[in-house]
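The values are calculated or read from the model by the stated rules, or taken from the named source; none is laboratory data. Everything numeric here is computed off the predicted structure, so don't read it as measured data. In this analysis, Cβ positions are derived from the backbone assuming ideal geometry, glycine residues included, and neighbour counts consider all displayed protein chains.
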Amino acid sequence: MNAALTLALALAAVQQAVGIYDGWGAFADEARCYAIATPVPGSAAARTGAYASIATWPGRGIRNQFGARLSRTVREGAPMTLSINDRRFDLIARGDRAWAPDRETDAAIVGAMRSGRSMSIEGVSGAGRAFADVYALPGAVSAIDAAALACLG
């Protein structure tokens with residue numbers, strides 16, 4: 001079973017499923033709408049509960065906010081980078097979470113996702129080992145757009 005579909009089924013009891021698009025799912029609840037995916041199937045990261053998401057929070061005035069739950073806890077102060085095609089974005093990371101530092105970076109990440117085939121989140125774990133969580137991007141744009149539209153209604 002596709003990892004995103006597995007995630008979708010697990011979340012369906014809590015959120016309203018908007019749609020599944022390749023490896024990405026779109027969901028809505030009372031406060032937000034979001035597109036979400038797990039790392040590429042078969043990877044070590046896919047077995048850890050890691051995910052990447054793009055969320056819209058209408059009540060907070062936030063649109064297309066990037067966030068990720070990482071496959072490992074990160075080393076405090078170590079750089080964290082999101083790579084899409086030839087673009088690199090510095091992220092803020094704490095514990096096993098990472099996010100864009102500002103709305104401009106969120107917008108640039110979503111823009112890069114629109115033309116990308118894959119993305120990777122790279123950093124250094126608390127144990128001092130380099131790691132990368134890799135995501136396939138087919139379906140991401142459709143899920144992001146479907147989630148954003150769900151927040152309009």
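Remarks
To keep it simple, each residue is scored yes or no on (1) at pLDDT below 95; (2) over 25 Å from Ile20 (Cβ atoms); (3) surrounded by 15 or more Cβ atoms within 10 Å (Cβ to Cβ); (4) out of contact with any helix residue (DSSP H, G or I) (no Cβ under 8 Å at 6 or more places or on another chain).
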| position | (1), (2), (3), (4) |
| --- | --- |
| Ile92 | no, yes, no, yes |
| Pro101 | no, yes, no, yes |
| Val124 | no, yes, yes, yes |
| Val134 | no, no, yes, no |
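- The combined condition, being in contact with a Phe, Trp or Tyr (Cβ under 9 Å, 6 or more places away or on another chain) and crowded, with 16+ Cβ neighbours inside 10 Å, is fulfilled by Asp106.
- Picking from residues in segment 58-112 that are over 12 Å from the mean Cα position of the chain (by Cα) and basic (Lys, Arg), the one that is nearest to Arg47 (Cα to Cα) is Arg72.
- Pairs where the first residue, in segment 94-109, is in contact (Cβ under 8 Å) with a residue 12 or more places away in the chain and closer than 21 Å to Thr38 by Cα and the second is part of a loop (DSSP other than H, G, I, E, B) and among the polar types (S, T, N, Q), C-beta under 6 Å, 6+ apart: Gly95/Thr73; Asp96/Thr73
- Residue among Arg87, Arg97 that alone is closer than 15 Å to Ala55 by Cβ, basic (Lys, Arg) and at pLDDT 95 or above: Arg97
- Filtered residues of segment 128-153 (kept if farther than 12 Å from Pro39 by Cα and among the β-branched types (Val, Ile, Thr)): Val141, Ile144
- Residues of segment 22-31 that are over 15 Å from Gly116 (Cβ atoms), surrounded by fewer than 24 Cβ atoms within 10 Å (Cβ to Cβ) and at pLDDT 90 or above: Ala28 alone.
- Residues of segment 66-103 satisfying the condition of being under 13 Å from Phe131 (Cα atoms) and of a type outside the set (Gly, Ala, Ser): Leu70, Arg72, Thr73, Val74, Arg75, Pro79, Met80, Thr81, Leu82, Asp96
- Odd one out for Ala45 among (1) more than 17 Å from Ala140 (Cα to Cα); (2) free of Cβ contacts under 8 Å to residues at least 40 places away in the same chain; (3) of a type in the set (A, V, I, L, M): (2)
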